[in-house]
Ligand SMILES: Cc1cc2nc3c(=O)[nH]c(=O)nc-3n(C[C@H](O)[C@H](O)[C@H](O)COP(=O)(O)OP(=O)(O)OC[C@H]3O[C@@H](n4cnc5c(N)ncnc54)[C@H](O)[C@@H]3O)c2cc1C
């Protein structure tokens with residue numbers, strides 16, 4: 001029998017970035033909360049170390065880009081409050097992002113993006129085109145043959161520090177049940193079932209268990225999708241290197257490869273798209289595949305100062321990718337139709353860290 005205080009107002013399934021934010025919001029609203037986590041806090045995609053907070057391109061504006069802008073422009077305040085509440089540092093910095101321009105035609109795209117940024121991002125965030133970056137060891141001019149695009153909206157956070165601070169806030173005010181798996185949802189009875197057969201009841205159930213939410217939510221969101229799968233997991237890999245650097249340097253992004261400077265002489269390098277991992281050739285979802293290091297070699301070409309920097313950690317994870325009819329990969333933050341007490345927080349694809357703190361506001365606007 002699992003021990004927790006009853007009655008519960010709100011159960012959150014999953015202790016990743018979305019589940020912990022949902023729990024923080026619920027606690028701040030005075031709710032009695034229990035978080036149910038199959039493994040440990042941060043055992044899913046949120047437990048990596050990349051931490052890039054990067055906007056979509058500001059041309060061809062749409063509601064998803066607005067949602068992301070709302071997240072990126074408010075995240076610093078949200079993190080400041082969390083840091084104040086916990087006395088813990090989350091490693092946030094508005095460091096900006098550089099993308100090399102590798103052929104002339106890209107400059108035309110940048111012009112459109114500059115207009116889009118001026119119209120939609122507003123002050124103080126800017127996007128501009130530059131001839132070259134001041135440090136050729138941070139962005140290789142032989143790759144950035146036609147200059148670079150720079151934006152000042154992008155930022156970085158240390159995912160593990162961020163999660164640790166959220167977990168500290170939540171665990172001091174609510175129960176986190178680790179090593180406890182949810183195997184079934186019963187919104188019509190305000191309850192869910194655990195793998196040991198126990199039934200838990202609460203007025204609100206928030207499902208935020210990453211890519212593993214799809215089988216739980218398929219019976220409720222599947223009908224909106226003509227019963228096709230509502231999403232799938234996409235694997236990604238990353239390495240952490242030790243390198244003395246100015247951690248105010250911008251993130252470098254090119255062709256799916258991220259280079260993210262962090263404090264403490266750490267630089268994270270990663271890519272979030274390993275295709276076909278579910279065919280079994282990659283072993284377990286979080287197994288790092290040493291034969292899939294193309295992203296790392298690309299990073300060494302992009303950022304020459306990384307050459308020779310020792311790798312101190314390797315990590316792989318699986319992120320959720322929604323495939324909802326008419327909504328594509330857009331996250332689903334909100335009640336499930338017909339079940340106002342069942343809230344789904346799934347998706348976010350590569351951008352979850354920049355929008356997770358706003359999940360409740362997005363959910364309310366649905
Ligand atoms: C290599 C890589 C790099 C990435 N880089 C970035 C980045 O730089 N910036 C960015 O914004 N995003 C990035 N992402 C994406 C981002 O990590 C994810 O979108 C995000 O972490 C998803 O958070 P989540 O809370 O939805 O899920 P998760 O973090 O996966 O958390 C879900 C939790 O639910 C638990 N769980 C699963 N099933 C159950 C169950 N049945 N019962 C109870 N608990 C359960 C899991 O154990 C897990 O702890 C990256 C992803 C990868 C793989």
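Just so it is clear, none of the values below were taken in a lab; they were calculated from the coordinates. Here the structure is a predicted model, which means the values were calculated and not measured. A quick note on method: Cβ atoms are made from the backbone with ideal geometry, for glycine too, and the neighbour counts reach across all protein chains shown.
General observations
- Label sites at residue 361 and residue 242, each approximated as a point 7 angstrom past Cα along Cα to Cβ, lie 4.0 nm apart.
- For the range 47-91 versus the range 205-277, the spacing of their alpha-carbon centroids is 15 Å.
- Gaussian network model of the chain, Cα within-10 Å springs - most flexible of 14, 42, 347: 42
- For the chain, built as a Gaussian network whose Cα springs stay under 10 Å, the top-fluctuating residue of 53, 137, 240: 137
- Mean ellipticity per residue at 222 nm, deg cm²/dmol - from DSSP H runs of n ≥ 4 across the chain, formula -39500 (n - 2.57): -7500 deg cm²/dmol
- Scattering profile of the range 1-114 at q = 0.11, 0.16, 0.20 Å⁻¹ [log10 I(q)/I(0), Debye over alpha-carbon scatterers]: -0.56, -0.97, -1.26
- The convex hull of the Cα atoms of the chain, projected and averaged over all directions, covers 18.4 nm².
- Spin-label model, residue 29/residue 183: points 7 Å from Cα along the beta carbon direction are separated by 3.1 nm.
- Compared with the dominant principal axis of the Cα atoms in the chain, helix 105-116 is inclined by about 50°.
- Of the beta bridges in the chain, as assigned by DSSP with both residues counted there, near 75 percent are antiparallel.
- Estimated inter-spin distance, residue 84 and residue 330, nm [label 7 Å along Cα→Cβ]: 3.3
- A Gaussian network model of the chain, with springs between Cα atoms under 10 Å, assigns the largest mean-square fluctuation among 238, 43, 344 to 43.
- For the range 114-168: rounded, prolate or oblate by the Cα gyration tensor [a/c cutoff 1.5]: oblate
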